[in-house]
Amino acid sequence: EPLPTIERGITIDGTSSPYISTITDLAYGTIYYVRAYATNSEGTSYGNEISFTTLAVAPTVTSTQITSITATTANSGGEVTDTGGAAITAQGVCWSTTPSPTIANSKTTDGTTTLFTSSITGLAYATTYYVRSYATNSVGTSYGSEISFTTLAVAPTVTTATISSIAAATANSGGTVTATGGAAITAQGVCWSTTPSPTIANSKTTDGTTTPFTSSITGLTVGTTYYVRAYATNSVGTSYGNEISFTTLAVAPTVTTTSISNITATTASSGGTVTATGGATITTQGVCWSTTS
């Protein structure tokens, strides 16, 4: 406060003149008022008043715990517990995949209120990040305590191999897991059905956990169109590759002969039933005969 007296803070600097006084234990970023004083038997007198402001220091900030962690985002924040005697010009959190991140790394900018929240975005899945709050004033930037967290895994990514070795009842395919999603693959293979977008609820193979993998598709019907997708499963879920369709090969038809009837000296009646077309259109049918088997 102005007009300080010896009842407040003082130095005692001998009796010679002029004298030098060292003022200590001051608060940073604070205005002080100073007057010289001299005391004799008659009393104390004061010199003219001078004011000055102590220098500011970098602020003090604490980091908020990480919450709402997803595969690519998380929340944090911080609290400026001491401005350091100068106005806060920027604050937020900074992060990286290596310890001790700074504002030269990725960061948020979250106003200038004492308590702030921060949305951390643009993260990679299943990755460990290191986070620190920061606060900047005219003196410099300070950092809060470091916190680490790991983003969540996601479902894997898989592609479907081209169909090969197509036969009447079998074919080959497979796939490649191009990204595990950050969690171990627990099952993979191909699934198929006679309607588009097959899933593992339809027919499927199970082909280990290495990639790429090959799959043998069996138990198919002749001359039938099938839809195939590779699949891969991790702890998050199951993903599917691109869909491929193919048609199994046809086979010769199956036919039964009707019993002979209406036998005369030169004619008789018979016929037949096509019990399976073999997957291709019947182009001709009838009976054939000879005097030998």
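Key figures
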quantity	calculated
Flag if T53 is closer than 23 Å to T150 by Cα and open to solvent by 60 Å² or more (accessible area, probe 1.4 Å)	no
Total residues in region 127-146, condition open to solvent by 20 Å² or more (accessible area, probe 1.4 Å) and either of a type in the set (A, V, I, L, M) or free of Cβ contacts under 8 Å to residues at least 12 places away in the same chain (or both)	1
Matching residues, region 162-179, being surrounded by fewer than 21 Cβ atoms within 10 Å (Cβ to Cβ) and either hydroxyl-bearing (S, T, Y) or under 27 Å from the mean Cα position of the chain (by Cα) (or both)	T162, S164, S165, T170, T176, T178, A179
From the options T206, T266, residue that is surrounded by 11 or more Cβ atoms within 10 Å (Cβ to Cβ) and β-branched (V, I, T)	T206
Subset of region 105-120 [free of Cβ contacts under 8 Å to residues at least 12 places away in the same chain and open to solvent by 70 Å² or more (accessible area, probe 1.4 Å)]	T113
Selected residue (criterion: farthest from the chain's Cα centre (by Cα)) from residues of region 147-161 that are farther than 30 Å from L220 by Cα and surrounded by fewer than 17 Cβ atoms within 10 Å (Cβ to Cβ)	S148
Filter result for V236 (of a type outside the set (D, E) and touching a Leu at 6+ places or on another chain (Cβ under 8 Å))	yes
Filtered residue count, region 84-95, keeping only those that are of a type in the set (V, I, T) and either over 35 Å from the mean Cα position of the chain (by Cα) or surrounded by fewer than 19 Cβ atoms within 10 Å (Cβ to Cβ) (or both)	1
Sole residue being over 30 Å from S235 (Cα atoms) and of a type in the set (D, E, K, R), chosen from E146, E49	E49
Residue among T98, T102 that is closer than 22 Å to T150 by Cα, in a loop (DSSP other than H, G, I, E, B) and open to solvent by less than 60 Å² (accessible area, probe 1.4 Å)	T102
Region 166-224: number of residues that are outside any strand (DSSP E or B) and either closer than 30 Å to T72 by Cβ or not aliphatic (A, V, I, L, M) (or both)	30
Members of region 243-275 that are free of Cβ contacts under 8 Å to residues at least 40 places away in the same chain and among the aliphatic types (A, V, I, L, M)	A252, V255, I260, I263, A265, A268, V274
T273 being over 30 Å from T157 (Cβ atoms), at pLDDT 95 or above and loosely packed, with under 12 Cβ neighbours inside 10 Å	yes
Filter pass, S138 being at negative phi, in contact with a Lys or Arg (Cβ under 7 Å, 6 or more places away or on another chain) and not basic (K, R)	no
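Listed here are the residues, each with its yes/no results for (1) farther than 30 Å from A153 by Cβ; (2) hydroxyl-bearing (S, T, Y); (3) open to solvent by less than 60 Å² (accessible area, probe 1.4 Å).
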residue	(1), (2), (3)
D13	yes, no, yes
S41	yes, yes, no
Y46	yes, yes, no
T60	yes, yes, no
T73	no, yes, yes
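The values are calculated or read from the model by the stated rules, or taken from the named source; none is laboratory data. Quick caveat, the model's predicted, so the values are computed rather than measured. Note that we place each Cβ from the backbone using ideal geometry, even for glycine, and neighbour counts take in every protein chain shown. For the accessible areas, the whole protein counts, side chains as well, though only heavy atoms, and no ligand, DNA or RNA atoms are used. Shrake-Rupley method; radii C 1.70, N 1.55, O 1.52, S 1.80 Å.
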